[in-house]
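Contents: one structure, followed by commentary.
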Amino acid sequence: MGFEADIALAAELATGAGELLVRLRRESGLSGRELGDAGDQQSNDWLLAQLAQRRPDDAVLSEESADDRTRLQAPRVWIVDPVDGTREYGMEGHADWAVHVALWTADEGLVVGAVSLPALEITYDSGSGAVAPTAGLMSTPRGDVPRVVISGSRPPTFSDDVATAIGGVAVPLGSAGAKAMAVLRGEADAYVHAGGQYEWDSAAPVAVAQAAGLWCSRIDGSPLVYNQSDVYLPDLVICRPELAQTVLGAMA
């Protein structure tokens, strides 16, 4: 049995949570940290309620909920980030925040992912495959210079080395989902991170990126592994496959 129904559900949930967040941003009168906190809570509550109704036998790992350790024996675990890029969500005019919904199975690992970019009214999922290059996440046109997207608050020490290795520049961007989708969308060529992340930060973006044929790994080239006892997963690389060895070599 394939995962088509789960892919459709992941996309539906990521999109629905994103629509909730856009309404909250527009109508609540909140901003900054207060808006981010409200968004985290309301999106999480809605996602958990939907999963309890639609997939009642599955476990859930969410950034905004206590870790139910029974997930470690569960055959299917949804990994969600109700608002990825809470800081950017709370800042007016920012599109670089996302909603992540992923599914892990004991037999096959990470099998489903959906990343909603609600401010752009678009959701990418692991059934989409490659996408046509588009613009919208980044404030300046790409031109012909390769781009490496990095965290603005915790840029890795090797970011300039990676950019130099591919003859490009390092550009800060918000959430992990936004950075991964910038590579998927053709707005950037690589995304590197080593400043600390958790499974919910990367599970959905990695599932979507892998399905589209992008390279995804730890910064030492080893696989990204999910539904672990310790959910800290601090580093990753997502890039065009032909750049993988150059990017990994620059970080070595």
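Close Cβ contacts (under 9 Å, 6 or more residues apart or on different chains) running from residues in the stretch 195-206 that are without any contact (Cβ under 8 Å) to a residue 60 or more places away in the chain to residues that are part of a helix (DSSP H, G or I) and buried (at least 24 other Cβ atoms within 10 Å of the Cβ) comprise 197/176; 202/176; 202/177; 202/180.
Going by what's in this entry, would residue 49 be described as among the aliphatic types (A, V, I, L, M), open to solvent by 40 Å² or more (accessible area, probe 1.4 Å), at pLDDT 95 or above and part of a loop (DSSP other than H, G, I, E, B)? Give the steps one after another, and end with the answer.
Working: among the aliphatic types (A, V, I, L, M): yes; open to solvent by 40 Å² or more (accessible area, probe 1.4 Å): yes; at pLDDT 95 or above: yes; part of a loop (DSSP other than H, G, I, E, B): no.
Answer is no for this residue.
Hey, among the residues in the stretch 215-252 that are modelled with pLDDT of 95 or more and of a type in the set (Gly, Ala, Ser), which one's nearest to residue 183 (Cα to Cα)? Applying the filter and picking the extreme gives 244. A Cβ distance below 6 Å, combined with a sequence gap of six or more or placement on separate chains, defines the contacts here; from the stretch 1-25, residues that are outside any helix (DSSP H, G or I) reach residues that are open to solvent by 20 Å² or more (accessible area, probe 1.4 Å) in the pairs 3/111. Listed by first and then second residue, the pairs linking a residue in the stretch 57-79 that is over 17 Å from residue 111 (Cα atoms) to a residue that is among the aromatic types (Phe, Trp, Tyr) and open to solvent by 60 Å² or more (accessible area, probe 1.4 Å), with Cβ atoms under 8 Å apart and 6 or more places separating them unless they lie on different chains, are 63/198.
The values are calculated or read from the model by the stated rules, or taken from the named source; none is laboratory data. What you see is a predicted model, and the numbers here were worked out from it, not measured in a lab. Neighbour counts are summed over all protein chains in view; Cβ atoms, including those assigned to glycine, are modelled from backbone coordinates with ideal geometry. Please note that ligands, DNA and RNA were not included when accessible areas were found on the heavy atoms of the full protein model with its side chains. Shrake-Rupley method; radii C 1.70, N 1.55, O 1.52, S 1.80 Å.
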